[in-house]
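Data block below; observations after.
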Amino acid sequence: MIDFSKIEYLKTGNPKQIRAYEVLTQNQILSQLAEFDPVLVGTIPINIAIENSDLDIICYWKDKADFIEKLTAIFGNETEFTIRETIIINQESVIANFKKAAFEIEIFGQNIPVKNQNGYRHMIIEYKILQLKGEKFRLEIIRLKQKGYKTEPAFGLLLGLKDDPYVELLEYKF
């Protein structure tokens, strides 16, 4: 099992993973967020990224106003920087977006430890499914994503999930 809490595994990955590692380390993006326990999640860590996949970083904040203030101070001058607050599944959430090098970067924060956030939980479950189902399954997920499917709905389709893939993946039985 990969330790997704550190990004060293990206150094020996595919070209997109290696480039993600370079952008994140050269710009000290994760180290600048260290107090918020940042973890890279999504498609790039588990090797199902497509051309326009972004770098999704989840964070754990205890003080929302402090998190917003620090994100704005650190990244506010980046290309196309935006920050917004929203409610996702009854949880206050903060989402910042900007561009760096060839990547769109999204920083997502909630007052929930990162390993308990759905973005992390989905990624771990998807990683395990990919390990079990093999290369043909992985390529089929990528093909669906290239056709416009979001990640969880693509998994839901291939796994035959009936209702909401975002919920059903969290309950997936191996």
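The values are calculated or read from the model by the stated rules, or taken from the named source; none is laboratory data. Only a predicted model underlies this, so the values are computations on that prediction, with no experimental measurement involved. So basically every Cβ, Gly included, is an ideal-geometry build from the backbone, and we count neighbours across all protein chains shown. For the accessible areas, the whole protein counts, side chains as well, though only heavy atoms, and no ligand, DNA or RNA atoms are used. Shrake-Rupley method; radii C 1.70, N 1.55, O 1.52, S 1.80 Å.
Using all C-alpha to C-alpha distances in the stretch 36-174, build P(r) with 5 Å bins and read off the rounded percent in each one.
Computed distribution, short to long bins: 2, 10, 18, 21, 19, 15, 10, 5, 1.
Once neighbouring chains are kept in place and the probe is 1.4 Å, which whole percent of the accessible area of the stretch 86-171 is contributed by carbon and sulfur?
Of all accessible area on the stretch 86-171, carbon and sulfur atoms account for 50 percent.
Counting pairs of alpha carbon atoms under 8 Å apart in space and at least six apart in sequence, what relative contact order in percent does the chain give?
Computed value for the chain: 18 percent relative contact order.
Give, rounded to the nearest 20 debye, the magnitude of the charge dipole that the chain has about its Cα centre when Lys and Arg contribute +1 at Cβ and Asp and Glu contribute -1 at Cβ.
Dipole size: approximately 660 debye.
What figure, in Å² to the nearest 10, do you get for the accessible area of residue 62 with a 1.4 Å probe and non-protein molecules left out?
Surface open to solvent at residue 62 totals about 150 Å².
What is the sum of charges, Lys and Arg at +1 and Asp and Glu at -1, for the other residues whose Cβ falls under 10 Å from the Cβ of residue 46?
+1
Write down the accessible area per residue of the stretch 1-110 in Å², having rolled a 1.4 Å probe over the full set of protein chains.
The answer is 51 Å² per residue.
Along its principal axes, what span do the Cα atoms of the stretch 48-93 show, with the longest given first and each in whole Å?
34, 30, 15
With each pseudo-label sitting 7 Å past Cα toward Cβ, what's the residue 22-residue 87 distance in nm, one decimal?
In this crude label model, residue 22 to residue 87 measures out at 4.4 nm.
Could you give the nm distance between label points at residue 139 and residue 112, where each point is 7 Å from its Cα heading toward the beta carbon?
Distance between label points: 3.5 nm.
Quick check: Cα centre of the stretch 63-100 to Cα centre of the stretch 123-174, how many Å?
Centre-to-centre (Cα) distance: 28 Å.
What percent do you get for the relative contact order of the stretch 55-106 when only Cα pairs under 8 Å and 6+ apart count?
35
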